1. Which of the lysines could a cross-linker span from Lys115 if the Cα-Cα distance has to be under 23 Å and same-chain partners fewer than 8 positions apart are dropped?
2. Taking 30 Å as R0, compute the FRET efficiency from the Cβ-Cβ separation of Glu91 and Glu31 and round it to 0.05.
3. Averaging over all projection directions, find the projected area of the Cα convex hull of the stretch 65-128 and quote it in nm² with one decimal place.
4. Simple spin-label model, 7 Å along Cα-to-Cβ: Glu52 to Tyr108 in nm?
5. Straight-line reach only, C-alpha to C-alpha below 12 angstrom: list the aspartates and glutamates that Lys120 could link to, leaving out same-chain residues fewer than 8 apart.
6. If you take every residue apart from Ser11 with its C-beta less than 15 Å away from the C-beta of Ser11, what net charge results, scoring Lys and Arg +1 and Asp and Glu -1?
7. Restricting to DSSP loop positions (anything but H, G, I, E, B) with no more than 14 other Cβ atoms inside 10 Å of their own Cβ, which GluC sites (Glu not before Pro) remain in the stretch 57-130?
8. State to the nearest 20 debye the size of the charge dipole of the chain about its Cα centre, where the only charges are +1 on K and R beta carbons and -1 on D and E beta carbons.
Amino acid sequence: MDIGFNIIHRSNPDIFKERIGIIQFLKDLNEGKRFPPDFAVYGLDSLLYYAEDRERIAKYIRNILQDNANHLASGNYIIQIIIEGNIKVVESDERPRVVYKNEEIPLYPVIGRVKRLDLKHFHAPLNLQS
């Protein structure tokens, strides 16, 4: 896996042993905590699914990631974003969506453009573009 955000399906056999929930990850990131060199983050798709205002939550998460881009980049982290739902390409490989509980949730508002590496493996740099 490459340094950056690796968006993968939960069925991937190479999921890291070090795991953290999305809420804890964002909290620790905001507090400037250090992370293991490689770890898996769970719950992004369910957080977006259950959010009252998905657009606002997606923007909030993206802002935290962007505000802490230097911290993430300095750690050269390999972060797996584990997706529980199915990853689906609709418009282009750069903008996958997650089908979670029969609803399509775009990842673009959170992660931005991604590069498709495999059928269910997408990558975004740690320094997300504005």
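1. Lys59, Lys88
2. Once the sixth-power term is evaluated, E becomes 0.25.
3. 4.4
4. Each label point is offset 7 Å from its Cα along the Cβ direction, giving 2.7 nm.
5. Glu84, Asp93
6. Numbers: positive: Arg10, Lys88, Lys120; negative: Asp14, Asp45, Glu84, Asp118.
After counting each charged neighbour, the total is -1.
7. Glu91, Glu94
8. On the way: 18 positive and 18 negative charges, 7 e Å.
Roughly 40 debye, rounded to the nearest 20.
Read-outs: derived from the displayed coordinates by stated rules, not from any lab. Not measured: the values here are computed from a predicted model. Positions of Cβ are backbone-derived with ideal geometry, glycine not excepted, and every protein chain shown enters the neighbour counts.
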